[in-house]
Amino acid sequence: MSAHVEVVSTDLRRVKVKVTPGTYMVDVLHEGCKKLNLQSDKYLLKHKQKTLDLSGPFRTSGLSPGAKLELVQKSSSPSVVSIALDVAGQRYTKKLPSNMALWQVLRQFESSEKNLDITGKAWSKSSNGGQLYHEAPVLNIMGREYSSLEDLQKTLSQCGINSGSIALRVSFRQTEKTLEQAMTEIGTYLKEVEPEQPKKQETKEEEPAPASTTSEGTEATQTLSIEATEPETPAPAPTTTADTAAATAPEQSTSTTTTDLMDIDSPPPSQQQLSPETTTTPQDPLQPTDVFLAPSSSTLAAAQAANLPDSIYEPTIAHAQLRQQQLLARAQNTRLKSDAELAADAAEEAARLARITRVDVKVRFPDQTSAQWVARPEHAGSFLHDAVRAVMAHPDQKFKLVMSGPKAVVVGDDAKLLIASYRFKGRELLNLVWEDGVSDEARAAPFLKGSVASRAHEGSGGSAKPVKKDNSGGMDSETLKRKLGKMFKLPGKK
């Protein structure tokens with residue numbers, strides 16, 4: 001007797017999956033996600049707002065034929081599962097994460113319990129001179145057996161165990177593989193599942209397996225470790241010596257410049273051409289590395305764009321699908337980060353900021369001229385204020401340096417560092433705003449003093465090139481209203 005259930009994805013797509021009373025629910029999840037082209041390890045199944053147990057078969061799930069099952073996203077962090085392991089009538093309990101492989105589960109119980117041997121059991125034939133053969137473990141989860149090396153690589157979650165408690169029964173199956181051959185295959189297939197094994201063998205910690213197996217496993221592990229470390233050991237020695245010698249030189253060398261240019265937040269090529277000169281030649285850090293003229297055109301760059309066709313204002317099917325996905329994503333329940341995760345994110349952000357060695361800071365002045373400086377990790381807000389006053393025609397006037405975005409103000413003191421506190425990265429743009437009480441004479445006068453203004457040139461702060469238009473390029477008021485109306489038109493409304 002066969003029936004079917006209907007699996008509904010988060011974007012409301014539906015597929016039918018055939019089931020029998022013995023079909024396991026985890027297989028229903030895999031089949032549904034396969035038809036929907038989704039990754040099954042990222043979803044769970046729900047029926048009427050109740051999360052289903054995926055480890056059991058369909059007949060024990062309480063579902064009726066034709067039931068509608070909803071795909072819901074699984075939490076990115078693994079949950080804790082209470083496991084009761086039954087080995088030859090003896091029961092052992094442990095709490096383990098759901099992303100742990102079955103082989104790791106067995107190894108965890110072996111390492112915590114004395115005289116418990118699951119993965120290295122052996123048996124011998126009386127007529128074969130004492131030759132040892134492998135006795136493979138067989139895991140039984142809700143009536144389903146997992147015995148092959150591929151099966152033991154699956155995680156608890158892939159077997160349908162995501163939370164709660166579960167009983168695992170272990171039996172043993174005699175094989176015709178010698179114990180040495182079996183251990184070699186296990187080391188080949190499960191080396192990624194059990195990364196701690198080479199470390200134990202290097203420290204010569206003996207496993208409860210026979211001596212012949214341990215010696216062979218050690219030799220194989222030592223061979224792999226030698227092959228992995230051979231290409232790494234000879235190369236770094238001369239490079240490290242050269243870099244150390246260059247770093248201890250009294251004057252800055254080209255290696256220092258290369259380190260600055262190879263930083264994660266390195267400036268673009270146009271700025272990299274200036275960095276060697278700035279880095280190698282000693283100069284006052286308060287002097288700007290570049291000065292830009294004000295735009296020569298009074299027309300905004302956005303207004304100089306060519307006429308665009310009406311079709312770009314009309315939403316497409318791709319826009320509608322993207323909007324639907326965004327709405328569905330917002331409707332999903334999301335788990336708030338724990339204190340430990342927040343602390344880890346803060347530590348990661350602080351480490352990334354600590355790796356930044358330089359930042360290009362550009363300050364735009366009220367008369368639309370601008371200047372650029374190089375900020376180092378030790379520079380605070382007072383450095384930027386002193387640098388701006390060094391190029392002002394009226395350095396006695398008060399001003400504020402406003403960052404883009406949330407409109408934070410860079411205070412002129414030594415309490416906050418530009419990179420560590422204000423989180424400057426790569427290139428930053430600040431706007432200088434006059435404080436209340438500044439005289440009209442200072443506001444109307446050129447901002448830069450003569451010696452600095454003579455170095456200014458058109459660049460990134462210059463004007464955009466005007467776009468050539470023909471006589472028919474102008475738009476009357478009716479055309480403008482029609483284009484704006486199409487931009488804000490709602491779907492389904494004519």
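The values are calculated or read from the model by the stated rules, or taken from the named source; none is laboratory data. Every value quoted in this text rests on a predicted model; they were computed, and no experiment measured them. Every residue, glycine as well, gets a Cβ built from its backbone with ideal geometry; the counts of neighbours run over all protein chains shown.
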**Fill in**
A careful count of residues in the range 156-174 that are farther than 21 Å from MET100 by Cα and at pLDDT below 85 gives 1
**Message:** Just to be sure I understand, how many residues within the range 1-25 are assigned to a loop (DSSP other than H, G, I, E, B), surrounded by 16 or more Cβ atoms within 10 Å (Cβ to Cβ) and of a type outside the set (Gly, Ala, Ser)?
**Reply:** 2
**Request:** Name the one entry in LEU29, LEU63, LEU85 that is buried (at least 19 other Cβ atoms within 10 Å of the Cβ) and more than 30 Å from ALA136 (Cβ to Cβ).
**Result:** LEU63
**Asked** If MET100 satisfies every condition in (1) modelled with pLDDT under 85; (2) touching a Ser or Thr at 6+ places or on another chain (Cβ under 8 Å); (3) closer than 25 Å to THR188 by Cβ but one, which is the exception?
**Response** (1)
**Item:** Whichever residue in the range 369-396 is part of a strand (DSSP E or B) and not aliphatic (A, V, I, L, M) and, among such residues, is farthest from ALA354 (Cα to Cα)
**Value:** SER370
**Message:** When you check LYS362 against the structure, is it farther than 17 Å from PRO288 by Cβ, in contact (Cβ under 8 Å) with a residue 12 or more places away in the chain and either outside the structural domain of GLU458 (by TED's automatic domain parsing) or not hydrophobic (A, V, I, L, M, F, W, C) (or both), yes or no?
**Reply:** no
**Prompt:** In the range 145-178, which residues are of a type in the set (D, E, K, R) and over 20 Å from GLN90 (Cα atoms)?
**Reply:** GLU150, ASP151, LYS154, GLU176, LYS177
**Complete:** Subset of the range 312-340, residues surrounded by 11 or more Cβ atoms within 10 Å (Cβ to Cβ) and without any contact (Cβ under 8 Å) to a residue 12 or more places away in the chain, comes to HIS319, GLN321, LEU322, ARG323, ALA329, LYS337
**Prompt:** What residue, of LYS68, LYS95, is surrounded by 13 or more Cβ atoms within 10 Å (Cβ to Cβ), of a type in the set (D, E, K, R) and either touching a Phe, Trp or Tyr at 6+ places or on another chain (Cβ under 8 Å) or modelled with pLDDT of 85 or more (or both)?
**Reply:** LYS68
**Prompt:** Which one of these is within 30 Å of the chain's Cα centre (by Cα), closer than 16 Å to SER171 by Cβ and surrounded by 18 or more Cβ atoms within 10 Å (Cβ to Cβ): LEU139, LEU106, LEU102?
**Reply:** LEU102
**Request:** Taking the options ILE83, ILE118, name whichever one is hydrophobic (A, V, I, L, M, F, W, C) and outside any loop (DSSP other than H, G, I, E, B).
**Result:** ILE83
**Prompt:** Is there any pair linking a residue in the range 397-423 that is assigned by TED's automatic domain parsing to the domain that holds ARG355 and part of a strand (DSSP E or B) to one that is of a type in the set (D, E, K, R) and crowded, with 19+ Cβ neighbours inside 10 Å, with Cβ under 9 Å and at least six apart or on different chains, and which?
**Reply:** MET403/GLU428
**Message:** From the list LEU44, LEU54, LEU36, exactly one residue is without any contact (Cβ under 8 Å) to a residue 60 or more places away in the chain and of a type in the set (A, V, I, L, M, F, W, C). Which is it?
**Reply:** LEU36
